[in-house]
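See below for the structure under consideration.
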Amino acid sequence: MARSAESVDAVIKAYDVRGVVGEQIDATFVREVGGAFARLVSADDGGANRVVIGHDMRDSSPQLSQAFAAGVTAQGLDVVHIGLASTDQLYFASGLLDCPGAMFTASHNPAQYNGIKLCRAGAKPVGQDTGLATISSELVAGVPDYDGTPGQVTEQDVLEDYASFVRGLVDLSELRPLTVAVDAGNGMGGHTVPAVFGPLPLTVKDLFFELDGTFPNHEANPLDPANLVDLQRHVQETRADIGLAFDGDADRCFVVDERGLPVSPSAVTALVAERELAKEPGSTIIHNLITSRAVPELVTELGGTPVRTRVGHSFIKQQMAQTGAIFGGEHSAHYYFRDFWGADSGMLAALHVLAALGEQERPLSELMAKYERYAASGEINSTVADAQERTEAVVAAFADRTRSVDRLDGVTVDLNGNSWFNLRASNTEPLLRLNVEAPTAADVEVLVTEILGIVRA
């Protein structure tokens with residue numbers, strides 16, 4: 001059936017498919033997406049003949065994943081269904097089976113949402129420019145019927161294979177016994193953490209491991225500090241050596257030290273970069289433009305090549321492929337690994353931090369101090385009527401103090417080499433996003449106050 005462009009565009013976003021179940025997304029719509037996706041990947045060079053599908057713990061995910069499978073098989077392709085999975089477990093399956101994949105999840109979105117993250121064989125991303133626009137067009141025009149033999153659906157459990165694979169990518173040979181507090185947020189970390197951590201010398205103090213797509217305890221979005229409070233308390237109560245928080249589909253991991261204080265994703269990026277460069281000296285490391293300047297500084301000091309990119313996983317993955325980078329990190333706690341098909345895995349990042357902590361005796365706070373060279377504001381959002389006009393007003397106000405300006409993604413203003421800020425407009429909301437970094441927290445506060453005074457005037 002043909003659909004309106006407006007209804008399709010409301011759901012098929014820049015990087016994935018996402019919307020409210022029963023209003024924007026239902027089984028019929030998802031079946032059509034499955035058919036269009038099957039046509040897309042079968043038309044690629046080398047033409048795919050099967051698709052692997054996984055889903056998270058949301059109530060709607062099993063039904064929607066089955067509807068998608070029906071759309072795929074109706075176009076003559078086979079389906080391998082791996083059942084409950086984290087997003088990086090689905091990427092693993094796509095790499096292992098060398099076939100395109102579809103993960104049913106809305107990540108950290110509230111319970112009424114669901115969505116689909118799509119990839120080609122080897123976990124290569126599918127975004128607007130690499131397939132989603134084509135799928136949208138087919139949904140608007142109506143997905144053509146296929147008159148050949150339908151495909152078949154088989155099931156395959158890859159959880160233990162995934163767990164063994166990610167452990168094998170990190171040197172855990174010197175890992176001493178550790179107490180690890182883990183907040184799964186009722187998301188897929190409750191599914192993958194026991195499998196991955198089980199054989200290791202770790203005492204896991206679990207929090208909210210019950211799979212529950214209604215998220216009864218807190219949103220499964222650790223990027224919001226409010227959702228880290230339970231883990232911070234849990235670390236202190238259990239006297240854990242480290243705390244880990246996973247988002248809903250467990251592709252992102254946030255770290256809390258033994259004091260219950262958050263460790264910045266930039267510091268985690270720097271730590272993992274150092275470990276990967278020790279394995280392959282001189283390699284390229286990707287970082288996005290609002291990651292701490294400590295990351296490229298450290299990479300350069302270690303003899304590596306830092307490459308700066310826009311915010312967003314499609315840009316990171318594109319740069320990973322083009323440069324042959326061994327690792328990439330984002331401020332949002334997405335971590336990308338060449339040896340994991342260039343895809344992101346919060347679990348792999350967690351294993352690196354655990355290995356670094358466990359191969360020496362210092363507490364995590366002391367271990368991470370070398371990677372925390374600057375103070376940062378974190379992302380601050382402001383609702384504005386005209387993001388471009390407000391951005392230019394800020395740039396003008398700082399003109400006499402500016403060393404350089406670049407517009408790779410929004411505007412980044414370098415004030416003196418140690419202090420900088422970035423203003424980026426949201427692609428989907430009337431928001432202007434501010435990130436500030438400076439030598440001290442006091443310096444950051446002064447800059448934030450001045451910039452927001454202009455933005456929100």
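The values are calculated or read from the model by the stated rules, or taken from the named source; none is laboratory data. Here the structure is a predicted model, which is why all the values come from computation and not from measurement. Cβ: placed from backbone, ideal geometry, glycine included. Neighbour counts: every protein chain shown. Only protein heavy atoms, including side chains, enter the accessible area calculation; ligands, DNA and RNA are left aside. Shrake-Rupley method; radii C 1.70, N 1.55, O 1.52, S 1.80 Å.
Just the accessible area per residue of segment 374-437, please: how many Å² with a 1.4 Å probe?
Working: 3040 Å² over 64 residues.
Dividing the accessible area of segment 374-437 by its residue count gives 47 Å².
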(Q) Tell me the Kirkwood radius of segment 65-127: reciprocal of the mean inverse pair distance over distinct alpha-carbon atoms, in Å. (A) 12.2 Å
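Looking only at GluC sites (Glu not before Pro) in DSSP loops with at most 15 other Cβ atoms within 10 Å, what is the longest site-free stretch of the chain?
Values: sites that count: Glu23, Glu174, Glu210, Glu359, Glu361.
Here the longest segment lacking exposed loop sites spans 24-173.
Say the cut-off is 29 Å between C-alpha atoms; which of Lys124/Lys279; Lys13/Lys205; Lys117/Lys279; Lys205/Lys279; Lys279/Lys317 go over it? Could you put the intermediate results ahead of the total?
Details: Lys124/Lys279 24 Å; Lys13/Lys205 37 Å; Lys117/Lys279 31 Å; Lys205/Lys279 31 Å; Lys279/Lys317 21 Å.
With Cα atoms farther than 29 Å apart: Lys13/Lys205; Lys117/Lys279; Lys205/Lys279.
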Q | Rg/Rh for segment 143-279, where both radii come from Cα atoms and Rh is the Kirkwood radius | A | 1.08
Q: Run the quick spin-label model on Ala5 and Ser173: label points 7 Å from Cα toward the beta carbon, then report their separation in nm to one decimal.
A: 5.9 nm
Q. Excluding ligands, DNA and RNA, what is the solvent-accessible area per residue of segment 257-299 at a probe of 1.4 Å, expressed in Å²?
A. 28 Å²
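Can you pull out the trypsin sites (Lys or Arg not before Pro) in segment 161-252 that DSSP calls coil and that have at most 10 other Cβ atoms within 10 Å? Mind dumping the intermediate values first?
Numbers: sites: Arg167, Lys205, Arg233, Arg239, Arg252; in loops: Arg239, Arg252.
Filter output for segment 161-252: Arg239.
Which translational diffusion coefficient, to the nearest whole µm²/s, is obtained for segment 284-357 from the Stokes-Einstein equation, given a Kirkwood hydrodynamic radius over C-alpha pairs, 20 °C and 1.002 mPa s? Walk me through the intermediate numbers first.
On the way: Rh = 12.2 Å.
Roughly 176 µm²/s, to the nearest whole number.
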Q | C-alpha center-to-center spacing [segment 305-338, segment 125-173] in angstrom | A | 21 Å
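Dividing the convex hull volume of the Cα atoms of segment 1-54 by its residue count, what figure in Å³ per residue is obtained?
Working: hull volume 6.1 nm³, N = 54.
Here the figure is 113 Å³ per residue.
Taking every DSSP beta bridge with both residues inside the chain, roughly what % is antiparallel (nearest 5)?
55 percent
Can you work out the accessible area per residue across segment 134-233, with the rest of the protein chains kept in place, probe 1.4 Å, in square angstrom?
Details: 4810 Å² over 100 residues.
I get 48 Å² per residue for segment 134-233.
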Q: Give the label of the value calculated from the structure for Cα extents along the principal axes in Å, choosing from (i) 68, 57, 39; (ii) 83, 72, 48; (iii) 66, 55, 44.
A: (iii)
**Q.** Measure of compaction for segment 158-202 (Cα Rg per 2.2 N^0.38 Å)
**A.** 1.19
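Take the alpha carbon atoms of segment 305-457, find their radius of gyration, then divide it by 2.2 N^0.38 Å using N residues; give the quotient.
Values: Rg = 17.7 Å, N = 153, 2.2 N^0.38 = 14.9 Å.
Dividing the Cα Rg of segment 305-457 by 2.2 N^0.38 Å gives 1.19.
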Q.
Solvent-accessible area of Arg401, probe 1.4 Å, all protein chains present, reported in Å² to the nearest ten, please.
A. 100 Å²
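With r as the distance between the Cβ atoms of Arg239 and Ala396 and R0 = 41 Å, compute the FRET efficiency 1/(1 + (r/R0)^6) and round to 0.05. Let's see the in-between values first.
Values: r = 52 Å, r/R0 = 1.27.
It comes to 0.20.
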**Q.** Euclidean distance between Cα centres, segment 210-265 to segment 394-457, Å
**A.** 29 Å
Q: Name the long-range amide H neighbours of Ala375: under 5 Å, sequence gap of 5 or more, or other chain; modelled H, no Pro or chain starts.
A: Ala438, Thr440
Q: State the antiparallel share, in %, of DSSP beta bridges confined to segment 148-254, rounding to the nearest 5.
A: 15 percent
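Express in nm, to one decimal, how much length is gained between Ser382 and Ala321 on full extension, taking 0.36 nm for each residue of separation and deducting their alpha carbon distance.
18.6 nm
Could you tell me the relative contact order of segment 18-94? Use alpha-carbon pairs under 8 Å, at least six residues apart, and round to a whole percent. Numbers along the way, then the final one.
Values: 103 pairs, mean separation 28.9, N = 77.
Computed over segment 18-94, the figure is 37 percent.
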(Q) Using the Karplus curve 6.51 cos²θ - 1.76 cosθ + 1.60 with θ = phi - 60°, what ³J(HN,Hα) values do you get for each residue of segment 266-273, in whole Hz, with x for Gly and Pro? (A) 5, 5, 4, 4, 5, 4, 5, 4
Q) Roughly to the nearest percent, how much of the accessible area of the chain is carbon and sulfur, given a 1.4 Å probe? A) 49 percent
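List the relative contact order of the chain as a percent without decimals, with contacts defined as Cα pairs under 8 Å and 6+ residues apart. Write out the running numbers ahead of the final one.
Working: 1006 pairs, mean separation 54.5, N = 457.
Worked out over the chain, it gives 12 percent.
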